[in-house]
Amino acid sequence: MAMSHMMTAIQIKEPGGPDVLQPVDWPVPVPGHGQIVIRVAWAGVNRPDALQRAGLYAPPPSASPLPGLEASGTVAAVGPGVTRWREGDQVCALLPGGGYAEYVVTHGDHALPVPAGLSLREAACLPETCFTVWSNVFLRGGLKAGERFLVHGGSSGIGTTAIQMARAMGARVFTTAGSDEKCEACMALGAERAINYREEDFVAALRAEGGANLILDMVGGSYLPRNVRALADDGRLVQIAFLTGPKVELNFAEVMTRRLTITGSTLRPQGDLAKAAYARDLETHVWPLIERGALRPVMDSEYALADAAKAHWRIESSGHIGKIVLRVEGG
Ligand SMILES: NC(=O)c1ccc[n+]([C@@H]2O[C@H](COP(=O)([O-])OP(=O)(O)OC[C@H]3O[C@@H](n4cnc5c(N)ncnc54)[C@H](OP(=O)(O)O)[C@@H]3O)[C@@H](O)[C@H]2O)c1
């Protein structure tokens, strides 16, 4: 089918609240060397999209200014040097940006097949959280079977993925969330213990278990010294965001005497080769877990592409459990 030159996309008209997300006519991208263009069926909505919209998370210079870090759909065009994909293949992919649109371009090696048994709607929710959790929890954090793993924000897109992936790999999973309903959802996903952080101190709960061997944190701020206290000797803290701010006073004596590691990363600025390596790892180690039902995206809600602002109101309300998606093709 011939592609037209223009498409509907959602642009960030200016930095601000959700209502700055507005439909716009935008040129259909053309694939360069090693790239594919995907006709988007569904686009995942992630907290970093909301940060970008608010002007707090600038896209890398080479990326589309349009929001959207993950999508599923059908390969519509293939650039020179791409051997794996053909027009018509169904894929889900990590994107440098631009997912809130009818077509998006990405590196061919950052796309993955839709796992058997999953719909395109579910597959759109995999890339951003799976790449992030795999690279931070297993590669950077080195989580092993039998270890005690604490993930904050257990009901988030990242949290629901981390709980299931860590459980499937044989870790003991502890998590925090902001309501009893969210805690119950986390337990249903395989957490051994879900702590309502508004009512209970997660530091005491983890220390009673001997401390966490690994913590994945997105909260930051006052959680930094508390995370250090919640770690077991030789424990590792992996920071992936700072929802309450990146600055805090921290006594590093404990880091030294208890041989702790504090590290972190952000996915988006990493190079094409690093992301391609994560994609290969995911296909080898994680896609089989999905195909045998040990890991499934938790779906919160869906919105039409034109209602992207509503999706951002939803994610910023923190009322959601799991993932929010935009319906693009036919939406
Ligand atoms: N480093 C990376 O490469 C990378 C990649 C993707 C995402 N991230 C980050 O990972 C986090 C999760 O992303 P997501 O897309 O899964 O977002 P999300 O679903 O919106 O999750 C954020 C969750 O954090 C909790 N939260 C919000 N404000 C909080 C606060 N002040 N204190 C404690 N908890 C709070 C909320 O649950 P409660 O109701 O339980 O508080 C909320 O569900 C975001 O911060 C995002 O920026 C990082």
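Annotations for the structure displayed:
Results for (1) among the hydrophobic types (A, V, I, L, M, F, W, C); (2) part of a helix (DSSP H, G or I), shown as yes or no for each residue.
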site	(1), (2)
Ile10	yes, no
Asp19	no, yes
Trp42	yes, no
Pro60	no, no
Pro65	no, no
Trp85	yes, no
Val91	yes, no
Thr106	no, no
Leu118	yes, no
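- The residue list Ala274, Ala306 contains one member that is aliphatic (A, V, I, L, M) and over 20 Å from Ala93 (Cα atoms), which is Ala306.
- Across the stretch 243-259, not a single residue is classified as at pLDDT 95 or above, of a type outside the set (Phe, Trp, Tyr) and surrounded by 20 or more Cβ atoms within 10 Å (Cβ to Cβ).
- Of all the listed residues (Arg226, Arg198, Arg207, Arg236), the sole one being within 14 Å of the ligand (Cβ to nearest atom) and more than 29 Å from Met299 (Cα to Cα) is Arg226.
- In the stretch 27-40, the residues that are in a strand (DSSP E or B) and either crowded, with 19+ Cβ neighbours inside 10 Å or at pLDDT below 95 (or both): Gln35, Ile36, Val37, Ile38, Arg39, Val40
- So Thr257, is it more than 16 Å from the ligand (Cβ to nearest atom), without any contact (Cβ under 8 Å) to a residue 12 or more places away in the chain and within 24 Å of Gly157 (Cα to Cα): no
- Selection within the stretch 86-98 - surrounded by 19 or more Cβ atoms within 10 Å (Cβ to Cβ) and either under 15 Å from Pro31 (Cα atoms) or among the aliphatic types (A, V, I, L, M) (or both): Val91, Ala93, Leu94, Leu95, Pro96, Gly97, Gly98
- Flag if Arg226 is more than 27 Å from Phe131 (Cβ to Cβ) and surrounded by 16 or more Cβ atoms within 10 Å (Cβ to Cβ): yes
- The one condition in (1) away from the ligand (no atom under 16 Å from the Cβ); (2) without any contact (Cβ under 8 Å) to a residue 60 or more places away in the chain; (3) in contact with a Phe, Trp or Tyr (Cβ under 8 Å, 6 or more places away or on another chain) that Leu51 fails to fulfil: (1)
- Cβ-Cβ contacts under 9 Å between residues 6 or more apart (or on different chains), taken from a first residue in the stretch 175-187 that is near the ligand (Cβ under 10 Å from one of its atoms) to a second residue that is modelled with pLDDT under 95 and outside any helix (DSSP H, G or I), are listed as Gly178/Ser318.
- Boolean, Val30 is farther than 19 Å from Ala76 by Cα, away from the ligand (no atom under 16 Å from the Cβ) and in the same structural domain as Gly322 (by TED's automatic domain parsing): no
This table checks each residue for (1) assigned by TED's automatic domain parsing to the domain that holds His152; (2) buried (at least 18 other Cβ atoms within 10 Å of the Cβ); (3) assigned to a helix (DSSP H, G or I).
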{"position": "Arg280", "(1), (2), (3)": "no, no, yes"}
{"position": "Glu283", "(1), (2), (3)": "no, no, yes"}
{"position": "Pro288", "(1), (2), (3)": "no, no, yes"}
{"position": "Ala294", "(1), (2), (3)": "no, no, no"}
{"position": "Tyr303", "(1), (2), (3)": "no, yes, no"}
{"position": "Trp313", "(1), (2), (3)": "no, no, yes"}
{"position": "Glu316", "(1), (2), (3)": "no, no, yes"}
{"position": "His320", "(1), (2), (3)": "no, yes, no"}
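- Screening Ala162, Ala191, Ala101 for residues that are within 26 Å of Leu51 (Cα to Cα), hydrophobic (A, V, I, L, M, F, W, C), crowded, with 23+ Cβ neighbours inside 10 Å and within 15 Å of the ligand (Cβ to nearest atom) leaves exactly one candidate, Ala162.
The values are calculated or read from the model by the stated rules, or taken from the named source; none is laboratory data. Everything numeric here is computed off the predicted structure, so don't read it as measured data. A quick note on method: Cβ atoms are made from the backbone with ideal geometry, for glycine too, and the neighbour counts reach across all protein chains shown.
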